[in-house]
Amino acid sequence: MATGKFITLEGGEGAGKSTQAGILSGRLRQTSHETLLTREPGGSEKAEEIRKAILEGKAKDYGPFAEALLFSVAREDHLEKTIRPALERGVWVICDRFADSTRAYQGVSGLRSDVIDVLERLIVADTRPDLTIVLDLPAEEGLKRAEARAAEAGDGAPPDRYEAMDRAFHEELRHAFLAIAEKAADRCTVVNAQQSESAVAEDIWEAVVRRLDP
């Protein structure tokens, strides 16, 4: 059986990753590919528990290394329980965030890149994305979108651990994702997320067709 493809969507808060992951999944199904939508942190039972703790800020006081370790523990379970079995079955896996988010967020928070490199080698190993879509959006606009999304949800939940960071952090985060995309241009494509939802979806689809020929 053919091995599936692994596509990740990355970017800052409010860039539309979840929405575009769903649209992409639908288009791939139309071409007769079985797809799996998943996310990080999360995507497996244990990883979802860790997600809750991280986004509630329970590891914040222990610093970026502790957070990176928690993300790595969650990622290992996600890979073993969800991603790798699906890929082995020939499923196309679409993941909302993956290892690049750890590199960006914890890197901007002060964790050395060589430490992140080691964690990636140990946890991700050979299960690297075939294609990463980086949705690029000015930080101010992304934060406004995140606020609007929270207001629409209407559950009164406070901003999560990262949404609550100041705009300067999110500007640095944007540049970190762009730097990752430039360094790994063989697997990354940057898409302008300021466009309409349909235009962003079309750019993503063109990148998938060009890189992976579904």
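The values are calculated or read from the model by the stated rules, or taken from the named source; none is laboratory data. These figures come from a predicted structure and were not determined experimentally. Ideal geometry is used to build each Cβ from the backbone, glycine not excepted, and the neighbour counts take in all protein chains shown.
If the Cβ limit is 9 Å and pairs must be 6+ apart or interchain, which residue in the stretch 127-149 that is among the acidic types (Asp, Glu) and at pLDDT below 95 pairs with which residue that is surrounded by 15 or more Cβ atoms within 10 Å (Cβ to Cβ) and not in a loop (DSSP other than H, G, I, E, B)? Sorted first by the residue in the stretch 127-149, then by its partner, the pairs are Glu140/His170; Glu140/Glu171. The single residue among Asp77, Asp61 that is of a type in the set (Asp, Glu) and closer than 21 Å to Ser18 by Cβ turns out to be Asp77. Restricting attention to the stretch 1-55, which residues are among the polar types (S, T, N, Q), surrounded by fewer than 22 Cβ atoms within 10 Å (Cβ to Cβ), part of a helix (DSSP H, G or I) and in contact (Cβ under 8 Å) with a residue 60 or more places away in the chain? Ser18, Thr19, Ser25 - these are the residues of the stretch 1-55 that are among the polar types (S, T, N, Q), surrounded by fewer than 22 Cβ atoms within 10 Å (Cβ to Cβ), part of a helix (DSSP H, G or I) and in contact (Cβ under 8 Å) with a residue 60 or more places away in the chain. Taking first residues from the stretch 69-87 that are in contact (Cβ under 8 Å) with a residue 40 or more places away in the chain and at negative phi and partners that are crowded, with 16+ Cβ neighbours inside 10 Å and among the charged types (D, E, K, R), the Cβ contacts under 7 Å between residues at least 6 apart in sequence or on separate chains come to Arg75/Glu40; His78/Glu40.
Here Ala179 meets the list (1) within 14 Å of Arg103 (Cα to Cα); (2) in contact (Cβ under 8 Å) with a residue 12 or more places away in the chain; (3) of a type in the set (Gly, Ala, Ser) almost entirely, failing just condition (2).
In the stretch 180-199, what residues are assigned to a helix (DSSP H, G or I) and in contact with a helix residue (DSSP H, G or I) (Cβ under 6 Å, 6 or more places away or on another chain)? First the steps, then the outcome.
From the stretch 180-199, those assigned to a helix (DSSP H, G or I) are 180-183, 197-199; that's our starting set.
Scanning the stretch 180-199 gives a single hit, Ile180.
Output the number of residues of the stretch 117-144 satisfying the condition of being of a type in the set (S, T, N, Q) and either part of a strand (DSSP E or B) or surrounded by fewer than 13 Cβ atoms within 10 Å (Cβ to Cβ) (or both). Matching residues across the stretch 117-144 total 1.
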